[in-house]
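K.L.:
This is the structure, below, for whatever I ask next.
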Amino acid sequence: MAATLATADPRLAAFLDKQEIRDVLMRYCRGIDRLDPELIASVYHDDAYDDHGTFKGRGKDFAVHVIGGLSRFERTMHFLGNSLIELDGDAAKSETYFVAYHRLRREDGSAEDFVAGGRYVDRFERRNGTWLIAKRVVVMEWTRFDEVTREWEANEHFTIGRRDHGDLVYTLD
């Protein structure tokens, strides 16, 4: 039924395509923040290219590479903002703004937040009916380091996120 509606109305087809692309972007962020290389790899076509500044190569190789760098952080959170997706048949260009927070715990117990703002500039391709990243370039706009001077005492009352498959998002029934 949905495919029939999408075929009948090209605006609906474009909406569904853009939503599938947005879902890919969100899965990428979950994979990064939960240190899940399989989920990260799943957003790239097999021959996809990723330029993350210090890493330039196959997207699926980046999925393994990034875990090593991110594992030194206690926590990360990637937020996506403005996202402009321009469809062209089975290809699409997208520009998605991000802010990424990285909590670093020092040996003395103090903490520092590394915060970065930038854009994911992606080429998506629909192959075999599935939209995935074919090429990604990370465009950095700004970075900063913030000293953590105090942490919220109420944190002990909340479920705390994990950076593995033990996180609630993977285990909630």
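No lab work stands behind these numbers, since they all come straight from the coordinates. From a predicted model like this one, the values you see are computed outputs, not experimental measurements. All Cβ positions, even for glycine, are placed from backbone atoms using ideal geometry, and neighbour counts span all protein chains on display.
K.L.:
Taking the Cα-to-Cβ direction at ALA14 and at THR54 and moving 7 Å from each Cα, how far apart do the two end points lie in nm?
P.N.:
4.0 nm
K.L.:
Further question: Please work out the FRET efficiency for the pair GLU107 and ASP23, using the Cβ-Cβ distance as r and a Förster radius of 35 Å; give the result to the nearest 0.05.
P.N.:
0.35
K.L.:
List MET140, MET77 from most exposed to least, where exposure is judged by having the fewest other Cβ atoms within 10 Å.
P.N.:
On the way: MET140 11, MET77 14.
Taking fewest neighbouring Cβ atoms as first place, the list is MET140, MET77.
K.L.:
Rounded, prolate or oblate: which one fits segment 30-86, using the alpha carbon gyration tensor with axes a ≥ b ≥ c (rounded when a/c is under 1.5, else prolate when a/b beats b/c, else oblate)?
P.N.:
oblate
K.L.:
Okay, moving on. Under the classification rounded if a/c is under 1.5, otherwise prolate if a/b is larger than b/c and oblate if not, where does segment 79-173 fall, given a ≥ b ≥ c as square roots of the Cα gyration tensor eigenvalues? Can you show the working numbers first?
P.N.:
Working: a/c = 3.22, a/b = 1.70, b/c = 1.89.
Because a/c hits 1.5 or more and a/b fails to exceed b/c, segment 79-173 counts as oblate.
K.L.:
If you don't mind, there's one more thing I want to ask. Scale the Cα Rg of segment 2-171 by the rule-of-thumb value 2.2 N^0.38 Å and send over the ratio, two decimals.
P.N.:
Here the Cα radius of gyration is 1.15 times the empirical estimate.
K.L.:
Along the Cα-to-Cβ line of THR130, 7 Å from the Cα, sits a label point; which residues in segment 46-66 have backbone N less than 19 Å from it?
P.N.:
So the set is 46-50, 58-64.
K.L.:
Quick one: work out the % antiparallel among DSSP beta bridges in the chain, nearest 5.
P.N.:
90 percent
K.L.:
Using the crude model of +1 on Lys and Arg Cβ and -1 on Asp and Glu Cβ, and no other charge, please compute the dipole size for segment 2-171 relative to its Cα centre, in debye to 20.
P.N.:
With only Lys, Arg, Asp and Glu charged at Cβ, the dipole is about 260 debye.
K.L.:
Which lysines, if any, have their Cα less than 16 Å from the Cα of LYS56, not counting same-chain residues under 8 positions apart?
P.N.:
By straight Cα distance, LYS56 reaches LYS135.
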